[in-house]
Amino acid sequence: MISKNRGQELSNGFIIFYNKDASVFMNESADFTKIAVKKSVAKDAYAYLLAPSSYQRVLGDLQLVAKLGGRNDSVAFVIRDKAGKLLREIPAVAENNLAKAVLSKAEVSSLGAQIASVEVMVGGGLSDKVPVLLNMAAPAENPLLVDDFDNYYGDNGLLGGAYNANTGSGCTVVPKLSGEKHGGTNGLAFQYSINKGGYAGIVKSLKNVNWSGCRGLQFWLKPDGMGQKLIILPFDSFKGKNGGRLEPANIKHFGIYCNTVGEKTVDSVMYFDDIQAVK
Ligand SMILES: [Ca+2]
């Protein structure tokens, strides 16, 4: 804690870790030098994926590369669907501690559009895996659109990669895709828990988009237990924090934050959709 009212962004993770049954701290532990332990054999072979990267879009040949440790016999790449069903197994060529293989564009294409898992198997056991987006082209860039939540294919892991959570001590926020929406397939469920004086927010990087010529930010909102509405926040109503000012020509981030008014802890959910700059 920095003060009674200010937390530290790492403290939530620490509290969760502290409260886990498997966590033992010094004052709860016996003298470790006197504990009887059973030695187990170290893994003699393992691998981790260098390619593809997590949530990579695969539209052509799929290059598969894994770094090998220990013995490097019997290495294969495996592709599974979201439910874990085996789609392809591709034998790997191992050389200089690298295992490589390629799944051709035609083979990739034959698997259709889906989120799949690429796995590297060593000696028949799973060693590493990453999710990939097969045959899903990136949506057209629209610099005025912050998010319509329709391009995550219903995958909360992909959504979670697009937003960073930032919360006060003891507060949580989990962004999730929701069927509550204004358009398309999904909206955002902003599920949060905040205590007295606390806050919780999520932030998306916008890579310096230019919103000059726009009058404000529009979004669809369905607040806690209330009716839905379309809201426009005019840029000239934004108030800078610590003397800052909004520069619509150079927008770096978009964030949704929530804080408490009063004494009570608030545990609730709000829904957002179609967040965009409007002219
Ligand atoms: Ca939507």
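Read the figures in this text as sums done on the coordinates, not as results from a lab. Here the structure is a predicted model, which is why all the values come from computation and not from measurement. Methodologically, a virtual Cβ is constructed for each residue, glycine included, from the backbone with ideal geometry; neighbour enumeration extends over all protein chains shown.
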Kirkwood Rh (inverse of mean 1/r, distinct Cα pairs), the range 145-278, angstrom: 15.6
Relative contact order (percent, whole number), the range 1-144, Cα cutoff 8 Å, 6+ residue spacing: 24
Mean separation of Cα contacts under 8 Å (6+ apart) over length of the chain, as relative contact order %: 16
Built amide H within the under 5 Å cut-off of M136, gap 5+: V58
Calculated from backbone phi, Karplus (6.51, -1.76, 1.60) coupling profile of the range 27-36 in Hz, x at Gly/Pro: 6, 9, 9, 7, 5, 5, 6, 10, 7, 7
Spacing of the two label points (7 Å from each Cα toward its C-beta) at E247 and V37, in nm: 5.4
Diffusion coefficient, µm² s⁻¹, Stokes-Einstein with Kirkwood Rh over alpha-carbon pairs of the chain at 10 °C and 1.306 mPa s: 70
Ranked by how many other beta carbons lie within 10 Å on average, peptides 244-252, 265-273 from highest: 265-273, 244-252
The range 215-224 - phi-based ³J(HN,Hα) in whole Hz, Karplus 6.51/-1.76/1.60, Gly and Pro as x: 9, x, 10, 10, 7, 9, 9, 10, x, 3
Too-long pairs where the Cα-Cα distance tops 23 Å, listed order kept, from K129/K204; K229/K279; K176/K204; K82/K207: K129/K204; K82/K207
